[in-house]
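Only one structure is covered here, and it is reproduced in the block below.
The values are calculated or read from the model by the stated rules, or taken from the named source; none is laboratory data. None of these values were measured; they are calculated from a predicted model. A quick note on method: Cβ atoms are made from the backbone with ideal geometry, for glycine too, and the neighbour counts reach across all protein chains shown. Remember, those area values only see protein heavy atoms, side chains included, never the ligands or the DNA or RNA. Shrake-Rupley method; radii C 1.70, N 1.55, O 1.52, S 1.80 Å.
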Amino acid sequence: MSIPKTQKAVIFETNGGPLEYKDIPVPVPKPNEILINVKYSGVCHTDLHAWKGDWPLATKLPLVGGHEGAGVVVAKGSNVTNFEIGDLAGNKWLNGSCMGCEFCQQGAEPNCPDADLSGYTHDGSFQQYATADAVQAAKIPKGTDLPGVAPILCAGVTVYKALKTAELRPGQWVAISGAGGGLGSLAVQYAVAMGLRVLDSKDYRRWSTWCH
Ligand SMILES: [Zn+2]
Ligand SMILES: [Zn+2]
């Protein structure tokens, strides 16, 4: 498989500045990284915040946004043992972490003070080829529908984690605020798959009658 030297990307030079669709170099994976040929990418509201520079943590500049990329591994660094060329992989929000601090050692890598973030401190999925730390890159099983899985890499894991840590049991009720939105609609699907009963507006009216 031949990897080109340049690729198409959406990139901005300054926060809030023009979003340019242009040719940039294909990144070379570091020893711990894989190179993903991104086939599909979701767009998250965080991408808008990163472009505008809304948050106190500065973004890398110039920056390629995006952290819901799903694609195929086309190259890997010399230290990578958990991915092979041709595997499906995703570059998600947490691109890499130090793996040595207290948070990383407790499995709370998103809280790592040195976390490297796709589409924020690390060029993300709005390009044809993106690098990701092999330890944090999402492993996607062969045969997975890539356009379907792309939004799972941020929107999906966000609500899945919330439902998991809520420690509800099948048959229990769950209220999902913003259930009609992007994350909410995924949360409803996960909740149903977990055997939970999702509160809808009809139930809410019945309950508020009982309560008054
Ligand atoms: Zn996101
Ligand atoms: Zn760490």
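If you check every pair at least six apart or on different chains, which have Cβ atoms under 7 Å apart with a residue in the range 148-168 that is within 13 Å of ligand 1 (Cβ to nearest atom) first and a residue that is open to solvent by 50 Å² or more (accessible area, probe 1.4 Å) and at pLDDT below 95 second?
So the pair list comes out as A155/G182; A155/L183; T158/L183; V159/L183.
Which of the residues spanning the range 40-70 are of a type in the set (A, V, I, L, M), surrounded by fewer than 20 Cβ atoms within 10 Å (Cβ to Cβ), in contact (Cβ under 8 Å) with a residue 24 or more places away in the chain and within 23 Å of G156 (Cβ to Cβ)? Even if it seems obvious, please write down each step before you answer.
Start the filter on the range 40-70 by keeping residues that are of a type in the set (A, V, I, L, M), which leaves 43, 48, 50, 57-58, 61, 63-64, 70.
Among the residues that remain, those that are also surrounded by fewer than 20 Cβ atoms within 10 Å (Cβ to Cβ) are: 43, 48, 57-58, 61.
Adding the requirement that they be in contact (Cβ under 8 Å) with a residue 24 or more places away in the chain leaves 43, 57, 61.
The answer is V43, and nothing else.
Could you give me the residue pairs with C-beta distances under 7 Å whose first residue belongs to the range 100-126 and is at positive phi, whose second residue is assigned to a loop (DSSP other than H, G, I, E, B) wherever it lies, and which are 6+ apart or on separate chains?
Between residues of the range 100-126 that are at positive phi and residues that are assigned to a loop (DSSP other than H, G, I, E, B), the close pairs are G119/G65; G119/G66; G119/H67; G119/S125.
Can you name the residue in the range 101-133 that is farther than 18 Å from T59 by Cβ and away from ligand 2 (no atom under 16 Å from the Cβ) and, of all such residues, is surrounded by the most Cβ atoms within 10 Å (Cβ to Cβ)?
Per the stated criteria, the residue is Y129.
I85 passes all but one of (1) of a type in the set (V, I, T); (2) over 16 Å from the mean Cα position of the chain (by Cα); (3) surrounded by 19 or more Cβ atoms within 10 Å (Cβ to Cβ); which number fails?
Single failed check for I85: (3).
Which numbered condition trips up A179, out of (1) surrounded by 14 or more Cβ atoms within 10 Å (Cβ to Cβ); (2) touching a Gly at 6+ places or on another chain (Cβ under 6 Å); (3) in a loop (DSSP other than H, G, I, E, B)?
It fails just one condition, (2).
Checking the conditions here, which among N79, N111, N91 is within 23 Å of Q7 (Cβ to Cβ) and not aromatic (F, W, Y)? Give the steps one after another, and end with the answer.
Working: N79 fails: within 23 Å of Q7 (Cβ to Cβ); N111 fails: within 23 Å of Q7 (Cβ to Cβ).
Just a single option satisfies the conditions, and that option is N91.
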